[in-house]
Structure formats: C-alpha cells, structure tokens
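This report concerns only the one structure given below.
Every number here is computed from the coordinates shown, using simple stated rules; none is lab data. All of these numbers come straight from a predicted model, not from anything done at the bench. Positions of Cβ are backbone-derived with ideal geometry, glycine not excepted, and every protein chain shown enters the neighbour counts.
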Amino acid sequence: FDFKLIFDIRGFLPEEKVDRMGWNKNDIKYLFFKKLEKKLINDSDAIVCLTYQSVDILRTLFPTIPLNKFVVIPTCVDVNKFRNQKTNSIKKQEEEIVFGYIGTIDKAYDINKVIKIFSKLLKYNHKLIIKIFCKDSNDYLDKIFKSNNILKKNYTIQYVERNFLPNELNEIDVGIFNLKENYSIKASFPTRIAEYLSCGIPILCNDFNQDITDLIQFNKVGLIIDFNNRDYHKTYMDIYKLLSDKKINIRCRKLAERQLSLQKGVQSYLQLYNKLLV
C-alpha cells in the first residue's frame with residue numbers, strides 16, 4: 001500500500017515484558033514481538049523514540065537505518081492543568097520537607113529503596129513526610145513502612161483521581177522515585193517527571209537512563225542519587241541545598257514549558273507528519 005508508516009515505539013516493549021512481567025526470551029510471544037519490531041523498524045518511514053539513548057541503542061542494532069529517520073519526543077504534560085502554585089520559600093535545616101511519590105510502586109519501580117532511604121533521612125530530621133499517591137494496597141505499603149521503623153505520622157497513602165492530582169502535588173516539596181536499572185529502562189521517559197516539573201517540583205531519582213540524568217543535572221532541577229550509598233547525611237544536606245535555591249520552582253516550571261509541554265509534543269508530531277506528507 002502507498003502510505004507512510006511511523007513506528008512510535010514508546011519503549012522497548014518486548015524487553016519491558018522480560019524486565020517487568022517475567023517473560024522468557026525463548027517464549028514464542030517474545031520471539032514474535034521481536035520479529036514484528038524488527039520488521040517495523042526496517043519498514044517505517046520514521047521511528048519515534050522517547051529518549052536519545054534508545055536511538056543510540058537502535059542505531060547500533062540497525063546500522064543501516066539513517067539517523068534522520070529517528071525522532072525523539074519525550075513524554076509530555078498538559079502544563080495548563082499541572083501548574084506551579086508554590087510560593088518560592090527557602091527551606092531551612094530541621095524544617096518540614098514533604099516528599100511525593102506518584103503512581104506505580106512495582107514492575108519498573110522499586111518502592112522499597114525509596115522507603116528505605118526515606119527512613120535513613122528521618123534520622124537527621126524527624127519532621128520529614130512522604131506522601132504516596134497510588135492505587136496499590138495500603139496494607140502492603142504499611143508493612144514496608146513498619147519494617148523500616150517509620151511512624152504513621154511521617155507518611156500518607158492515598159489514591160487521587162487524576163483531575164485532582166495537580167492540587168495534591170502542590171502540597172509537596174520534592175518528587176522521589178527509583179526505577180529498576182535494566183536494558184528496557186533506557187528507552188523510558190516516565191510521565192511523572194513532566195508532571196513534577198510542570199508543578200515546579202524538583203526531582204530525586206536514580207541514574208536509570210542517560211536522558212533523565214542529563215535533563216536533571218544540566219537544568220539543575222533535582223538530584224541524581226545512589227539509593228545504595230550509605231552516606232545518608234550528605235544526601236540529606238544535598239536535598240536541603242537544592243530546596244534552599246529560591247529559583248528552583250521557577251526553573252522546574254520553565255523547563256516543563258520549554259521541553260515537556262503538550263504543545264511542544266504536538267508541534268513535534270506535526271513537523272514529522274508534514275515532513276512525511278511532502
């Protein structure tokens with residue numbers, strides 16, 4: 001048929017099923033999707049990826065595919081809904097800090113490492129609070145908090161409808177999450193990153209892929225932390241230093257508007273469509 005084909009991969013789907021769902025690479029379903037993926041990559045007129053790191057990986061696997069066939073469009077956010085309502089106030093040591101965690105706690109994510117490091121940071125300031133917004137079982141999370149000796153006054157767990165999530169996010173000071181480091185995660189761009197930044201919230205996460213690390217460090221909108229590092233006092237002081245920057249909220253918001261807005265994503269897709277329709 002005489003039409004243009006765009007393969008919008010979003011991520012490495014077969015590998016995601018292996019890394020997150022326990023698929024075996026010898027299973028027929030994995031082999032089927034790998035063959036389909038290969039055909040789509042070879043036959044497509046354009047390939048849309050979420051990260052530049054995934055483009056590098058695909059170009060290594062498919063060296064005959066020209067670079068101009070690849071387009072990187074990260075996960076976007078509606079900046080009109082997720083707005084920065086925070087006032088710029090400098091955090092002081094021993095002052096309350098509210099951590100926020102959105103969405104899935106398993107599969108691609110490791111909530112255990114987040115709760116563990118939070119428990120260590122509590123030793124330096126008992127006023128720290130973590131708010132978890134998810135659909136998962138409260139009993140399951142309560143057990144993890146209890147096993148880490150975290151009192152109920154220091155955490156909340158609640159499910160929030162998406163329409164109300166922006167208001168809840170504006171009650172937190174910093175977003176935190178840990179992604180399991182594996183092959184497929186190099187192609188991922190979690191939605192929560194754009195949502196945090198659009199609300200003017202800096203981010204704490206691990207070094208799970210190069211695009212996110214570069215985005216956070218280059219734009220100074222958060223910290224890349226080693227959740228296994230035992231120097232928790234340094235981590236604690238780095239967080240306070242980050243939140244003592246009176247321009248941090250504005251910087252996060254401007255980055256979201258500039259690079260991660262829904263409007264920016266729409267423009268990128270329209271440019272691609274127009275290019276292929278010429």
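Computed 3J(HN,Hα) for the stretch 110-125, one whole-Hz value per residue from the Karplus formula 6.51 cos²θ - 1.76 cosθ + 1.60 where θ = phi - 60°, is 10, 5, 4, 5, 5, 5, 5, 5, 4, 5, 6, 5, 4, 5, 9, 7, glycine and proline marked x.
Within the stretch 142-232, list the chymotrypsin sites (Phe, Trp or Tyr not before Pro) lying in a DSSP loop whose Cβ has at most 10 other Cβ atoms in a 10 Å radius.
Working: sites: Phe145, Tyr155, Tyr159, Phe164, Phe177, Tyr183, Tyr196, Phe208, Phe218, Phe227, Tyr232; in loops: Tyr159, Tyr183, Phe208, Phe227.
Hits after loop and neighbour filter: Tyr159.
Enumerate by residue number the trypsin sites (Lys or Arg not before Pro) in the stretch 1-88 meeting two conditions: DSSP loop (anything except H, G, I, E, B), and at most 12 other Cβ atoms within 10 Å of the site's Cβ.
Hits after loop and neighbour filter: Lys4, Lys25.
Expected output is a single nm value to one decimal: the length gained when fully extending between Lys35 and Thr64, i.e. 0.36 nm times separation in residues minus the C-alpha distance. What is it?
Values: separation 29, 0.36 × 29 = 10.44 nm, distance 1.71 nm.
Length difference between fully extended and current span is 8.7 nm.
Over the chain, DSSP H runs of length four or greater, each weighted -39,500 (n - 2.57), average out per residue to a 222 nm ellipticity of -13000 deg cm²/dmol. Volume per residue of the convex hull around the Cα atoms, evaluated for the stretch 37-84, comes out as 96 Å³.
Calculated on the alpha-carbon coordinates, the convex hull of the stretch 180-237 measures out at 86 cubic angstrom per residue.
All Cα-Cα distances of the chain, cut into 5 Å bins from zero to the largest, leave 1, 5, 11, 15, 17, 16, 12, 9, 6, 4, 2, 1, 0, 0 percent in each bin in turn.
If you wrap the tightest convex hull around every Cα atom of the stretch 113-225 and split its volume per residue, you get 118 Å³.
All Cα-Cα distances of the stretch 116-155, cut into 5 Å bins from zero to the largest, leave 6, 23, 36, 23, 9, 3, 0 percent in each bin in turn. Globularity index of the stretch 201-275 is 1.37 (Cα radius of gyration / 2.2 N^0.38 Å, N = number of residues).
Using the Karplus relation 6.51 cos²θ - 1.76 cosθ + 1.60 with θ = phi - 60°, the per-residue 3J(HN,Hα) values for the stretch 167-177 come to 5, 5, 5, 6, 9, 10, 9, 8, x, 9, 6 Hz, with x marking Gly and Pro. Translational diffusion of the stretch 1-53 was estimated from the Stokes-Einstein equation, with Rh taken as the Kirkwood radius over Cα pairs; at 25 °C and 0.890 mPa s the coefficient is 202 µm²/s. The alpha carbons of the stretch 61-162 occupy a box of 56, 34, 29 Å along the principal axes, longest dimension given first. Sparse packing (at most 16 other Cβ atoms within 10 Å of the Cβ) combined with a DSSP loop state is found for the following trypsin sites (Lys or Arg not before Pro) in the stretch 181-278: Lys220, Arg230, Lys246, Lys247. Near Tyr155: Cβ cut-off under 15 Å, other residues only, Lys/Arg at +1 and Asp/Glu at -1. The net charge is +1.
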